[in-house]
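Read the structure below first, then the notes.
Rule-based calculations on the coordinates, nothing more; no lab input. Everything quoted here is computed from the prediction, not taken from an experiment. For neighbour counting, all protein chains shown are included, and Cβ atoms are generated from backbone atoms with ideal geometry for every residue, glycine included.
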Amino acid sequence: MEKEIIRLDKIVKNYRVGTVIVEALRSISLVMLKNEFVAIMGPSGSGKSTLMNILGCLDTATSGSYFLNGQDVSRLDDNHLAEIRNREIGFVFQTFNLLPRSTALENVMLPLIYSGIAKAKRIERATRVLEEVKLSDRITHKPNELSGGQRQRVAMARALVNNPAIILADEPTGNLDSKTSIEILGLLEEIHRMGNTVIVVTHEEDIALHAHRIIRLMDGEISSDEINPNVKTVADYQLA
C-alpha cells in the first residue's frame, strides 16, 4: 500500500469581509496517498481555490491540522512555508507564471536557485527536465517565442525540477485549445506514471475524468470523494 502523503484534519478557513465572516472551508478532512492522481472539482465559490492554496502552503487554515509527508505544516510561519513549497510542491498555473525576459532554461532553473544548487548543477538538471517534456530544442527561447502549449510545458518542467512530492496543477489547460490541452493532459499522465502525486484543481468535468479519484466541493464542504471507475486517458482521444 502506498504511504500517506497528505492528511487534512478538520480544516476550517474563514475570511473577514467587512463585518461579515465568510466560511470558505468547513471542517475538511481527507487523506491522499503517494502516487495518487486526484482532481478537486467544484463551482465558483465552492472553496476549491482556498483548499488548493492550503494544500500548496500558500495559505494557512483558521483551524485544523495539515500534515504533509508526516510534518504538521499548519502552524509554520511564512519562511518555513516557503521552504516547504520549494522542496515538496511543484506548481502548474493556468497563466503559466513565467518570467517574460528569461529563457525557458532560466525559468526552469529558478526553484534551484532558491534551493542553493550550484550553477552547473542547475543547468544540467533544468536541461534534463526540459528534455523530458520534449522542449530540448527550445531551451534558449523566451515565453513570447513559444506557443501556449510550449509555455505550459516549461511551467511543468519548472514544477518538476526540484523532484517535488506533489505536482499541484490549477486549471492547467484553462488557457489552451483542445488539441494542446490533450497534450498537456498526456504529460500529466506521464508525470503520474513516473511516481508523482498529481492534484488537479478544475471546474471542467472532462479534465477531472483523467484523474483516478475525484473530490467534489460544495459550499466549503466535501460533497463527494470517489474513485473514478472510468479513467479517461489521452489514448482515448486517438483515432482508431
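Sort the range 1-69 into rounded, prolate or oblate with this rule: let a ≥ b ≥ c be the square roots of the eigenvalues of the Cα gyration tensor; rounded if a/c is under 1.5, and if a/c is not under 1.5, prolate when a/b is larger than b/c, oblate otherwise. The partial results should precede the final answer.
Values: a/c = 2.67, a/b = 1.84, b/c = 1.45.
Since a/c reaches 1.5 and a/b is larger than b/c, the shape of the range 1-69 is classed as prolate.
Rg/Rh, computed from the Cα trace of the range 4-237 with Rh as the Kirkwood radius, has the value 0.97.
How large is ³J(HN,Hα) for each residue in the range 47-63, as worked out from phi by the Karplus curve 6.51 cos²θ - 1.76 cosθ + 1.60 (θ = phi - 60°), to whole Hz, x for Gly and Pro? Those phi angles translate into x, 5, 5, 4, 5, 4, 5, 6, 4, x, 6, 8, 8, 10, 6, 5, 8 Hz. Residues in the range 132-143 carry Karplus couplings, in order, of 5, 9, 6, 10, 4, 8, 10, 5, 9, 7, 8, x Hz; the curve used is 6.51 cos²θ - 1.76 cosθ + 1.60 with θ = phi - 60°, and Gly or Pro positions show x. In terms of packing, defined here as the mean over residues of other Cβ atoms within 10 angstrom, the peptides 187-196, 62-71, 211-220 line up highest first as 211-220, 187-196, 62-71. Put the Cα centre of the range 100-162 next to the Cα centre of the range 181-240 and the gap is 25 Å. If only the Cβ of Lys and Arg carry +1 and only the Cβ of Asp and Glu carry -1, the dipole of the chain around its Cα centre is close to 720 debye. Dipole orientation for the chain: of the candidates Leu68, Pro229, Ile84, Ile84 has the Cα lying most toward the positive pole (charges on Cβ; Lys, Arg +1; Asp, Glu -1). For Leu217, the residues whose amide H sits under 5 Å from its own are Met41, Gly42, Ser223, ignoring neighbours fewer than 5 places away on the same chain, with H placed 1.01 Å from N. How far apart, in nm, are two points set 7 Å out from the Cα along the Cα-to-Cβ line at Ser178 and at Asn79? Label at Ser178, label at Asn79, 5.2 nm between them. Helix 148-160 axis versus longest C-alpha principal axis of the chain: approximately 70°, rounded to the nearest ten. In this structure, the amide hydrogen of His210, modeled 1.01 Å from its nitrogen in the peptide plane, lies closer than 5 angstrom to those of Lys232, counting only residues at least 5 positions away or on a different chain. Across the range 1-130, C-alpha contacts under 8 Å between residues 6 or more apart give a mean separation that, scaled by the residue count, equals a relative contact order of 22 percent.
Peptides 17-23, 167-173 ranked from most to least packed by the mean count of surrounding Cβ atoms within 10 Å: 167-173, 17-23. Normalising the average separation of contacting C-alpha pairs (under 8 angstrom, six or more residues apart) by the number of residues puts the relative contact order of the range 4-237 at 28 percent. Distance between the modelled labels on Asp9 and Glu205, one decimal in nanometres: 3.7 nm (7 Å Cα→Cβ projection).
Relative contact order for the range 157-240: 25 percent, from Cα pairs under 8 Å spaced at least 6 residues apart, divided by residue count. Helical runs (DSSP H, four residues minimum) scored at -39500 (n - 2.57) apiece and divided by the length of the chain put the mean residue ellipticity at 222 nm at -9500 deg cm²/dmol.
In sequence order, the range 98-104 has phi-based couplings of 8, 6, x, 9, 9, 6, 4 Hz under the Karplus curve 6.51 cos²θ - 1.76 cosθ + 1.60, θ = phi - 60°, and Gly or Pro positions carry x.
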